[in-house]
1. Mind jotting down the distance between the C-alpha centroids of the range 374-449 and the range 58-106, whole Å?
2. Sequence gap at least 6, Cα distance under 8 Å: using those rules, report the relative contact order of the range 112-165 to the nearest whole percent.
3. Could you pull out every residue, at least 5 positions away or on a different chain, whose amide H is within less than 5 Å of the one on Asp129? Hs are placed 1.01 Å off N in the peptide plane, and Pro or chain starts have none.
4. If amide H atoms are built 1.01 Å from N in the plane of the peptide, which residues on other chains or at least 5 residues away come under 5 Å of the amide H of Val170?
5. Enter the accessible area of Ile220 (Å², nearest 10), with the probe set to 1.4 Å and all protein chains included.
6. With Cβ to Cβ distances under 14 Å as the rule, what net charge do the other residues near Ile226 carry (K, R +1; D, E -1)?
7. With every protein chain in place, what's the accessible area of Cys171 (1.4 Å probe, Å², nearest 10)?
8. Whose amide H sits under 5 Å from the amide H of Lys142, counting only residues 5 or more places off or on another chain, with H placed in the peptide plane?
Amino acid sequence: MAKSRRHQNTSSKKACTSCSDKISNLSDDLILKILYFLSSKQVVQTSVLSKRWVLLWTLVPTLNLQDSYRSIFDQQDRMKFVHFVDRVLFLKKSASVEKFSLNCQPIYGQSCISKWICTAVEQGLREVDISVTEISKEYLVKLPSGLFLMKTLKILKLHGGIMVDVLVSVCLPSLKILHLLRVKYANAESISCFISGCPSLEKLHIDVRISPDNMMNFNISVPTLITLYLSLEYAFEEEPHAENFEINAPALKNLIYIIYTSSVSMHKQYFVENFPCIREANICVPEFCRTEILKAVSGVGCLRLTWNQDFFDLVLEYNFCPLFANLTRLELRGVMNWRLLLLFLENSPKLETLVADYKISSRDGRPRWREPKPVVKCFLSSLSRVCFEDFRGSEEQVKMVEYFLINARVLRKMEIYSRSELSSKSKHCFIKKLSKVPRSSETCQLSFK
């Protein structure tokens, strides 16, 4: 037994030695690339491996500083982190640093966190990622003005308990990517002032909770912007004071636009410029949202649209659906009926793929099927794949599927996903019934799942 254990220990030592030798044979450049993805604490710990590693960690072009949640309650843990950060920043002062990442609790205080950021800013950074845990208003961290004047900065990500208070004119001429996620703003113009100082911006991600103490005007005018992710949550107990909402991004190609409540309808001014270069849009809108957004993305190639009942009513009431001349893929999710689906199909002459999560409107009572005359244009030349989700077996849904099978001339695949409550017997009946429907396309495959 003892002999067996000695054999195992010997084998383990040989394996470790072999592994160590493999790492030792790597070049410094390759080791630095590996260390790039580790936290600064892990990187510093490698200095004990051998003499070669003592100073090697200082050459890693990143500072990735992360404290633990325990630091809120444990003073000793906080002191260790403060000492570690101060020491690392001192030793890296003469080294080249491209990326600075700080993820910490606000308990260290404004002066301490600002000092860390200012020291890092002196390195001529290309990327900054700062995340502060949000606790309360009293612990919001204001960023030093030097961060907004960096000529070399290309990526800036801010998250959590940070107060964006632009006291100086922002000058970030090289900034390409900007994330402002759940941060707070000193006044209604903070976002507009911030973005106006980023003339080369290409990707913008804003996620904000708008409330009486966090109001703002959205004036996003960036000629170079390619991707915009805008997530707005409105939180008001009473009718809010309306702010302005303007987007002007002529080079925009990708748009994700999510609103969580109806307050956007109360904006004093709502202006969305058309996006002539738009390729893909994912829009999630609530009740009473302004329909101008549809016109703005009418040149899109791929559109994902999620709405609720009131937006559906607005579109139908005013028959407002622009011509989607370039649309090849359409995903519709939410409350709708055949009238709404038909409206989009009639205005999408090049549509190739349709995905519909079909929930029947509850306000129309029993929806009435109406067969379009003449046949929708995309049925004759382009529609090749249709996917219906949440199939419940209603009369309207069955007739709609039959219409697609009978009239879509180039349809290759019809996929139907039924609700789990639908019995196996009911599914079998639907499969049998739909399989007998004559198909305009000889190559069409019908699948029922």
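1. Each part's Cα centre sits 58 Å from the other's.
2. 48 percent
3. Phe100, Ser101, Leu102, Lys157
4. Amide H neighbours of Val170: none.
5. 0 Å²
6. Net charge around Ile226: +2.
7. 60 Å²
8. Answer set, sorted by chain and number: Met163.
The values are calculated or read from the model by the stated rules, or taken from the named source; none is laboratory data. Just so we're clear, the structure is a prediction, and the values are computed from it rather than from any experiment. Every residue, glycine as well, gets a Cβ built from its backbone with ideal geometry; the counts of neighbours run over all protein chains shown. Surface areas here come from the heavy atoms of the whole protein model, side chains and all, with no ligands, DNA or RNA. Shrake-Rupley method; radii C 1.70, N 1.55, O 1.52, S 1.80 Å.
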